[in-house]
Every structure is written in C-alpha cells, then in structure tokens.
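The values are calculated or read from the model by the stated rules, or taken from the named source; none is laboratory data. Here the structure is a predicted model, which is why all the values come from computation and not from measurement. Using ideal geometry, Cβ is built from the backbone for each residue, glycine included, and neighbour counts are taken over all protein chains shown.
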Amino acid sequence: MAAEKIWVKHFNIVEYHQHVGIELPIKGEPIEDAAFLYDGRNCAVLIKNKSKAYFLTNIATDLRSKLLSAEPLLIIEVIDKEFYQGYPVKVTKVVLPYPDNLHHVVEEMLQKIADKYGPSSLQQMVEKFWPDEEKK
C-alpha cells in the first residue's frame, strides 16, 4: 500500500543555538524510520512512517541552505500551540523530480483539462483515480 501524500503549506522553520527545526501542524502519528528528503529547492518530503508522507511546499529561499545542512533536523509537531511530539531526522540529500513551480504546473494542467473537457471532467477524474475522495 502506498503512503498517503499530504501537502503542507503552512509550517515554521525555527533556529535555536545552531539547531534547525520545523514546526508542522500534524498530530502524533507513530514514527517509524522517519526521513526528511530534500534537494535544496522549493519542496521537501517528510516520511514519518509507511503510511504518511508530508510534502512541504514554498520553502523560503533564505532558509533552504540551513535545511540542507541541518544535522539533525528537529521535527516539532504542534497544532494551535499544543505540542504533540518532537523528534530528530536525518536530512537526506536527493534530487526530487519536480519543478520549483509544481503547484502552478498542476493548476495549469487542471485548467487545461477543464477547458478542453468541461468542469465535470475534473470530478470524473477524481472519481476514477481516487474513488474514496467522492465519499468524503
């Protein structure tokens, strides 16, 4: 079974005495072999366990080198100032196969589909490829 992909747009990168951490609005799922995959660009991937992968987007340009060199990176899970858990992860430097403007590319692609096949085509696509989504 593939991991659930969760897009995280809102997070904070914090520094404290030469340590770098990321505050994420996620809540205490189990941690199994957590990994932080990053190539120094716009997005990174936090894998918490076999069932959850978090995609962090819009990483500020001035913070990218700090994330890339963090040893280790501290993940801090906080929702509305309520702390759930914190844990260190190793930053694994990888080449992620996406453009820096991934959201714009996806939005443009979806708009082209809607323009060519009509707005209902997007709903049909969701029903075909993500059948559980229509039940939510």
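Does residue 5 meet the test of being surrounded by fewer than 16 Cβ atoms within 10 Å (Cβ to Cβ), closer than 20 Å to residue 95 by Cβ and either of a type in the set (Gly, Ala, Ser) or modelled with pLDDT under 90 (or both)?
So residue 5 passes the test.
Is one or more of the residues making up the range 121-136 closer than 25 Å to residue 18 by Cα and either at pLDDT below 80 or in a loop (DSSP other than H, G, I, E, B) (or both)?
There is no residue in the range 121-136 that is closer than 25 Å to residue 18 by Cα and either at pLDDT below 80 or in a loop (DSSP other than H, G, I, E, B) (or both).
Please identify the pairs in which a residue from the range 41-63 that is touching a residue at least 12 places away in the same chain (Cβ under 8 Å) has its Cβ atom under 8 Å from the Cβ atom of a residue that is of a type in the set (Lys, Arg), counting only partners at least 6 apart or on another chain.
Between residues of the range 41-63 that are touching a residue at least 12 places away in the same chain (Cβ under 8 Å) and residues that are of a type in the set (Lys, Arg), the close pairs are 41/64; 53/5; 54/48; 55/5; 57/9; 58/9; 59/41.
Consider only pairs whose beta carbons are under 8 Å apart and that are at least six residues apart or on different chains; among these, list those whose first residue lies in the range 25-38 and is under 16 Å from residue 6 (Cα atoms) and assigned by TED's automatic domain parsing to the domain that holds residue 8 and whose second residue is modelled with pLDDT of 85 or more and in a loop (DSSP other than H, G, I, E, B).
The qualifying pairs are 25/10; 25/11; 35/90; 36/90.
Which one is nearest to the chain's Cα centre (by Cα), of the residues in the range 1-24 that are without any contact (Cβ under 8 Å) to a residue 40 or more places away in the chain and under 17 Å from residue 77 (Cβ atoms)?
10
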